[in-house]
Amino acid sequence: MSTAPLNSLLVAKFGGTSVANFDAMIRSADIVLSNPAVRLVVLSASAGVTNLLIALAEGKDPDRRAYHLDEIRRIQYAIVDRLDNGQVIREEIDRMLDNIAMLSEAAGLATSNALTDELVSHGELMSTLLFVEVMRQRQAPAQWFDIRKIMRTDDRFGRAEPDGAALKELARTSLLPRLAESLIITQGFIGSEPKGRTTTLGRGGSDYTAALLGEALQASRIDIWTDVPGIYTTDPRVVPEARRIDEISFEEAAEMATFGAKILHPATLLPAVRSDIPVFVGSSKDPHAGGTLVCNKTAHPPLFRALALRRRQTLLTLHSLNMLQARGFLAEVFNILARHFISVDLITTSEVSVALTMDTTGSNTIGDSLLTTALLTELSSLCRVEVEENLALIALIGNNLSQACGVGKDVFGVLDPFNIRLICYGASSHNLCFLVPGADAEQVVKTLHSNLFE
Ligand code: ADP
Ligand code: ASP
Ligand code: MG
């Protein structure tokens, strides 16, 4: 493989399905090899492994432990078995599996977020070890790199925030010299906190890792290889008629990711926007099918761009007569939420009540219930709290939406069979969001898509 100058370096990230098994890894390795500018490869765990590790970390069902461990072993051994020289790597994978077994026994006794992250990190550690071997089998020398050496984070296990300045410095001193020598394979999703314990960046966090590394190394592009050939007008699994978007702006794609389009982790575009690095999204199953380029500006941004869907939303309605002609009630509510690390997502207010949803993006690996008893108790001391669960947030993403006429009619005119529980419109010119009962969500997306995009 010829080595490209580092000033035109590309970072390529492969998601779980792209490293799910030996054939998928070979396809991904060939994508890497087809472009000499790709010098740094960021990987997720093989598909399914993170979920199994989380099940072990929850420690709830000791009878299922052996089953989960076997399943992880089966997924990883299926790759080892296809390697020409698999003996050494088998021993390394066995060591990882022993570690997983030991940690899951500990989780059976007492769970903790730190232990969960330690356990879960093994998914990315194993997939990267295996991928290095696959690259070797393709006669392409590659080095394994432990990203925890440079991805320093805070200690919010399950949802840790990386230290961008430290990453830039450490990438320059510890990673850049290695990149000059050979292709580097490293882990997405994981990092380390000040005491050296392993952390994770929230589900789907490998996209974020790739973008942060792209920024730290001033990459010329970040390639996200997944199981669909680009970003579509909505999730093609929900609406098969969804169309691929060839070019989309950072703002539009960031809105899509924030409002639930799983194709990109919500924070992925922050580093890309900051450093103006284009992001390409394509399918490792079909690399020649093209994809979507996310960049600073696109020609002719349309009024309606895409629909995103976020499930399992909880609506909190807070009633208090003290709100009547009073000041500071909302400040108090926001204070309580901030103390519980909750950021408010949608919000509407009336004379004596306020209704809000909580931002569940990147929610931790243990579960997605942010509504703890402690939070409810504190809120209840201030006001009457009503909780409605199992709603879905639908976001229409577009451009200049709040300046256009007829948007309300275009959207709600076709949704009369459905209960619209809450509407947010006007704060951003890029979105119109509303809540519907969870059971109606897919039908609402289908109806809107066929009226606005087909
Ligand atoms: P990876 O494991 O590669 O990170 P993900 O499962 O996280 O992949 O994301 C890819 C999935 O995102 C697709 O399979 C698709 O179902 C879903 N998705 C949601 N919204 C969209 C969208 N607007 N366009 C394309 N895919 C989407
Ligand atoms: N393996 C992690 C997850 O499943 C991170 C990722 O895939 O991006 O959430
Ligand atoms: Mg993902």
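The values are calculated or read from the model by the stated rules, or taken from the named source; none is laboratory data. Because the structure is predicted, anything quoted here is derived from the model rather than measured. With ideal geometry, Cβ positions are generated from the backbone for all residues, glycine too; neighbour counts draw on all protein chains shown.
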Pull up segment 195-252, narrow it to residues that are hydrophobic (A, V, I, L, M, F, W, C), within 16 Å of ligand 2 (Cβ to nearest atom) and assigned to a strand (DSSP E or B), then point me to the one that is farthest from Glu161 (Cα to Cα). Trp225
Kindly provide the set of residues from segment 282-332 that are within 14 Å of ligand 1 (Cβ to nearest atom), within 30 Å of Gly408 (Cβ to Cβ) and surrounded by 18 or more Cβ atoms within 10 Å (Cβ to Cβ), ordered by number. Thr292, Val294, Phe304, Arg305, Ala306, Leu307, Ala308, Leu309, Arg310
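Which residues, taken from segment 382-435, are among the aliphatic types (A, V, I, L, M) and part of a loop (DSSP other than H, G, I, E, B)? Let's see the steps before the verdict.
The first filter runs over segment 382-435 and keeps only residues among the aliphatic types (A, V, I, L, M), leaving 382, 385, 387, 391-397, 401, 404, 407, 411, 414-415, 420, 422-423, 427, 432, 435.
If the condition is that a residue be among the aliphatic types (A, V, I, L, M) and part of a loop (DSSP other than H, G, I, E, B), then Leu382, Ala404, Val414, Leu415, Ile420, Ala427 are the ones that fit.
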Identify, from the list Leu330, Leu293, the residue that is away from ligand 2 (no atom under 16 Å from the Cβ) and more than 30 Å from Leu9 (Cβ to Cβ). Leu330
Conditions first: (1) under 25 Å from Arg95 (Cβ atoms); (2) modelled with pLDDT of 95 or more. Thr17 passes all but one, so which condition is the exception? (1)
Within the set of pairs 6+ apart or on separate chains, which have a first residue in segment 5-27 that is over 16 Å from Thr226 (Cα atoms) and within 10 Å of ligand 2 (Cβ to nearest atom), a second that is assigned to a helix (DSSP H, G or I) and at pLDDT 95 or above, and C-beta atoms under 9 Å apart? none
Could you list, ordered by first residue, the pairs with Cβ atoms under 7 Å in which the first is in segment 63-83 and over 13 Å from Leu53 (Cβ atoms) and the second is surrounded by fewer than 18 Cβ atoms within 10 Å (Cβ to Cβ) and among the polar types (S, T, N, Q), at least 6 apart or interchain? Ala78/Asn21; Ile79/Asn21; Leu83/Gln137
For the subset of segment 176-193 comprising residues that are closer than 17 Å to Ala166 by Cβ and surrounded by fewer than 24 Cβ atoms within 10 Å (Cβ to Cβ), which member is modelled with the lowest pLDDT? Leu176
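Could you say which residue among Asp440, Asp410 is surrounded by 16 or more Cβ atoms within 10 Å (Cβ to Cβ), more than 21 Å from Gly260 (Cα to Cα) and in contact (Cβ under 8 Å) with a residue 24 or more places away in the chain?
Asp410
Report whether or not Ser428 is farther than 30 Å from Asp117 by Cβ and at pLDDT below 95. Full working, then the answer.
Numbers: farther than 30 Å from Asp117 by Cβ: yes; at pLDDT below 95: yes.
Against the criterion (farther than 30 Å from Asp117 by Cβ and at pLDDT below 95), Ser428 qualifies.
Can you confirm whether segment 371-386 contains a residue that is within 20 Å of Thr314 (Cβ to Cβ) and under 24 Å from the mean Cα position of the chain (by Cα)? Don't jump to the end; show me each part of the working.
Of the residues in segment 371-386, the ones within 20 Å of Thr314 (Cβ to Cβ) are 371-386.
Subsequent filtering for residues that are under 24 Å from the mean Cα position of the chain (by Cα) retains 371-372.
There is at least one residue in segment 371-386 that is within 20 Å of Thr314 (Cβ to Cβ) and under 24 Å from the mean Cα position of the chain (by Cα).
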Give just the number: which of (1) touching a helix residue (DSSP H, G or I) at 6+ places or on another chain (Cβ under 7 Å); (2) surrounded by 24 or more Cβ atoms within 10 Å (Cβ to Cβ) does Val32 not satisfy? (1)
For the subset of segment 253-281 comprising residues that are outside any helix (DSSP H, G or I) and over 16 Å from Thr226 (Cβ atoms), which member is nearest to ligand 2 (Cβ to nearest atom)? Ala267
